[in-house]
Amino acid sequence: MRKFNVNVNGKSYVVEVEETDGSAAPVSSSASAPVQAPVVPVSATAAGGSMVKAPMPGLVLKFSVENGATVKKGDKVIVLEAMKMENDIVASADGTITFLVKAGDNVVSGADLACIK
């Protein structure tokens with residue numbers, strides 16, 4: 001058995017790896033440190049707002065409105081580049097928009113891009 005220290009998201013874990021002769025063997029694992037659930041921030045919906053989320057992973061190219069502008073549901077607010085295509089992201093509700101990302105940010109699918117209150 002060989003032990004390795006593995007760092008994942010700033011947490012250190014000790015992993016034991018068994019050396020074999022190359023033949024198939026049953027796999028077993030044991031964790032020496034508990035796995036913690038990620039901290040999830042309170043959503044804007046709970047605070048009385050509506051989130052604009054990324055429908056796909058991509059790069060934030062530009063904003064179609066200024067931060068703090070009043071928008072209507074369906075207004076184009078962000079241009080997101082995904083697979084070399086520009087995609088218009090629209091407001092999810094009426095209200096005042098606050099952007100949570102900046103131009104040049106890479107985002108994952110489902111990421112919060114802006115909050116509308």
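The values are calculated or read from the model by the stated rules, or taken from the named source; none is laboratory data. Given the structure is predicted, the values throughout are model-derived calculations rather than measurements. Quick reminder, even Gly has a Cβ in these numbers, built from the backbone with ideal geometry, and neighbours come from all protein chains shown. Note: areas computed on protein heavy atoms with side chains; ligands, DNA, RNA excluded. Shrake-Rupley method; radii C 1.70, N 1.55, O 1.52, S 1.80 Å.
Checking the condition open to solvent by 50 Å² or more (accessible area, probe 1.4 Å) and out of contact with any strand residue (DSSP E or B) (no Cβ under 6 Å at 6 or more places or on another chain), which residue from 90, 108 passes? Spell out the reasoning first.
Values: 90 fails: out of contact with any strand residue (DSSP E or B) (no Cβ under 6 Å at 6 or more places or on another chain).
One residue alone meets the criteria, 108.
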Review point. For region 68-82, which residues satisfy the criterion of being aliphatic (A, V, I, L, M) and free of Cβ contacts under 8 Å to residues at least 24 places away in the same chain?
Key: 79
